[in-house]
1. Order of B:117-125, A:273-281 by packing, highest average Cβ count within 10 Å first?
2. Residue-wise, which Karplus ³J(HN,Hα) couplings in Hz belong to the range A:148-162, taking 6.51 cos²θ - 1.76 cosθ + 1.60, θ = phi - 60°, and x for glycine or proline?
3. Counting other beta carbons within 10 Å of each residue's own, what order do A:210, B:52, A:73, B:212 fall into, fewest first?
4. Within the P(r) computed for chain A, what percentage of the Cα pairs occupies the region above 44 Å?
5. Please report, largest first and rounded to whole Å, the three semi-axes of the ellipsoid equivalent to the range A:197-287, where each semi-axis is the square root of five times an eigenvalue of the C-alpha gyration tensor.
6. Would you mind checking the pairs A:226/B:210; A:337/B:127; A:437/B:219; A:337/B:46; B:46/B:165 and listing those with alpha carbons more than 32 angstrom apart?
7. Please list A:404-411, A:191-198, B:96-103 highest first by mean number of surrounding beta-carbon atoms within 10 Å per residue.
8. Counting only Cα, what are the radius of gyration and maximum Cα-Cα distance Dmax of chain B, in Å?
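Values in this text are rule-based calculations from the coordinates and carry no lab data. Predicted model only: the values in this text are computed from it and were never measured. All Cβ positions, even for glycine, are placed from backbone atoms using ideal geometry, and neighbour counts span all protein chains on display.
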Amino acid sequence: MTTAPRPAHASHDLKGSPFARFVAATEIDTRLMGMAGALLLIWFGFHFYGVVFNGEGFFLTPRNLWNLSVQMCSIGVMATGMVLVIVTRNIDLSVGSLLGFIGMVMGLLQVEWLPPSMGLGHPAIWIITVAVGLSLGALIGTLNGVLIAYLAIPSFIVTLGGLMAWRGAAFLMANGRTISPVDTNFQLLGGGPYGSIGSTGSWIIGIIACAAVLYGLLAGRKNRQKHDFPQRPIWAEVFMGALGCALILGAVLVVDSYYWPKGIVKAYAEANNIIVPPEGLFISLGFAYPVLILVTVALLMTVLMTRTRFGRYVFAIGGNPEAAALSGINVRWMTVKIYALMGMLAGLSAVISSARLTSATNALGQTDELYVIAAAVIGGTSLAGGVGTIYGAVLGALVMESLRTGMVLIGFDTAVQNIVVGLVLIVAVYLDIIYRKRTK
Amino acid sequence: MNKGTPLVEMRDISIAFGGIKAVDHVSVDLHPGEVVGLLGHNGAGKSTLIKCLSGAYHADSGQILINGQAVSINSPRDARAQNIETIYQTLALADNLTAAQNLFLGRELVSSRGFLDESTMEAETRKIMGRLNPNFRKFNVPVSALSGGQRQSVAIARAVYFNAKILIMDEPTAALGPQETQMVSELIQELKAQGLGIFLIEHDIHNVMKLCDRASVMKNGQLVGTVDVNQVTDEDILSMIILGKKPAKAA
Ligand SMILES: Nc1ncnc2c1ncn2[C@@H]1O[C@H](COP(=O)(O)OP(=O)(O)OP(=O)(O)O)[C@@H](O)[C@H]1O
Ligand SMILES: [Mg+2]
């Protein structure tokens, strides 16, 4: 079932193979299972490649998984927006350059423009910077949307132009200089030891998330009862709840067992007059801020896409633009809003990636558009329009970033990485086509 | 029959695409509780004419009056606000959405917090489909998985659900089997008895004779004429369609 708007309930034909019955009872998206399988394959594949050829596996370690979680955020945030763009049968090739340009403007803002009047390290600098970054992204996105919707220039062309133009503009802003270091508060948004919420915070979030999962299942069940729709069998509800909680708590355990690097611990201990015990001081990083940003964005975008009129119209336009217009939907205005949202998310990704890099460089976000589109498409967003999910795109971003990180870890150079990523994209789309044919 | 202010009056409507005059100074009207057939060969301009009323097109010239008041219909939203519902020839369904999602498209029910009320919409859809097509079971699949007739019944349900006063049906039975066609005929008679005005585009002359009170015939974008169905024979109407002339006795 790849149609994004979930029907209010599905039927539970309890016939067929045990697997088919399992899928019917739990209503798990089989495509999601496929992606999870692919992800596990990639993770274990890289890990055991390391074990066999390097004597030690580096992939399935708290350190690497934590890094992976942070590195996927920039792509993940933009991929959620790209779903809307692709679902409505458009494309946005300009997000990488947009990210670079906005990153540069934000870099200049906090390094050269604001400090002279506000003073270096003023606590409002990061807030102003983020606000400017998001607004600028929304503004440029609006411009894209207007050109596409009202002047009827194909989105491919408008954003291909943007891909060139905004990268050039980023260069002109600072004549190719690297702007660094960015504001220290701003840096926290990129993760790192100080940009993480630590052990206690992570457990609190994990427990709240588990409670939310259980509440969601319960509320769904009540709602079905109210309308006399078929129920999931109890064992399936229990299974879904257990699976959800296990995944959440597993993630907490992983980030909880990655500790601050020794150097930073030492500096921290000295600054705070803490005596480091002989066995060392272990401070858990916990979830990094960018991860929390990504999760928040993904949740909000999921609500937007599945629970609001806006989301319904996005799917309707993708399914049949003419029918959408005949139903009174203002297709053009919707397109503008979608691109504005995409631009704003590119601004948010610019915040995350320049904060993580602690500087703005001219190459920031280069080729990101390809990773973002690949993440959305691998995550099940159909280029024919009308179909796509936010969680799929985030998972797609995780797959893409896992590939990239894994190849770096085992020492593939950029050329080989590019080849692999290119091939994976083509194969993934082909598998998707086969999948869709079989589930039709 | 034709007394009082018409429910709808389309006066002197013209619309051209490029050089083609798809509709050329056509006037038709419709009274409450009346079914007016729109007839003509393929490409005569029937769909284009009613799209000016449904808000899909904006006429180049001409006037639309509802209950005697001139109105301007610039979008499908405007038409819906005038209680005009349309079943398009192409059905205008979003293939990737379910029956309920299509039925409420553009008019979704939302909860007090502004979120889509999916279950109520589905329950309502089950109710109306139970009336129109009791055999319909496919509530949880995208309409792309439905048969032509099932799709058509979804489009009909959408037009009927929102308590239209004016109903436009562009070949509503084209994809339906005999039983379903019979049900649509009964539906039309029922709606008519409730006082709705219905424009019915229909090629089957027997259905026209059975369901319509009057018939307006178009040819090459122009109106050939409008006749009272019970004052003419089906041959008269056929010759109007084919020859483009009004029969002498009904003139
Ligand atoms: N959007 C459009 N652009 C250009 N020409 C159009 C458009 N819509 C309709 N036409 C032309 O207008 C004329 C009338 O078309 P219309 O669809 O109204 O015919 P119709 O009477 O509904 O025919 P049918 O019985 O086949 O449905 C045709 O010549 C058609 O090619
Ligand atoms: Mg037609």
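1. Values: B:117-125: 20.1, A:273-281: 9.3.
Packing order, densest peptide first, comes out as B:117-125, A:273-281.
2. 6, 7, 9, 9, 6, 7, x, 4, 4, 6, 4, 7, 5, x, x
3. On the way: A:210 18, B:52 23, A:73 29, B:212 26.
The most exposed by this proxy come first: A:210, B:52, B:212, A:73.
4. Details: 12555 of 96580 pairs.
Value for chain A: 13 percent of Cα pairs lie more than 44 Å apart.
5. Numbers: eigenvalues 373, 26, 10 Å².
Those come to 43, 11, 7 Å.
6. Values: A:226/B:210 44 Å; A:337/B:127 35 Å; A:437/B:219 44 Å; A:337/B:46 36 Å; B:46/B:165 20 Å.
Check vs 32 Å cut-off fails for A:226/B:210; A:337/B:127; A:437/B:219; A:337/B:46.
7. Numbers: A:404-411: 17.5, A:191-198: 20.2, B:96-103: 27.2.
Listed from highest to lowest mean packing, they are B:96-103, A:191-198, A:404-411.
8. Cα-based Rg and Dmax for chain B come out at 18.3, 63 Å.
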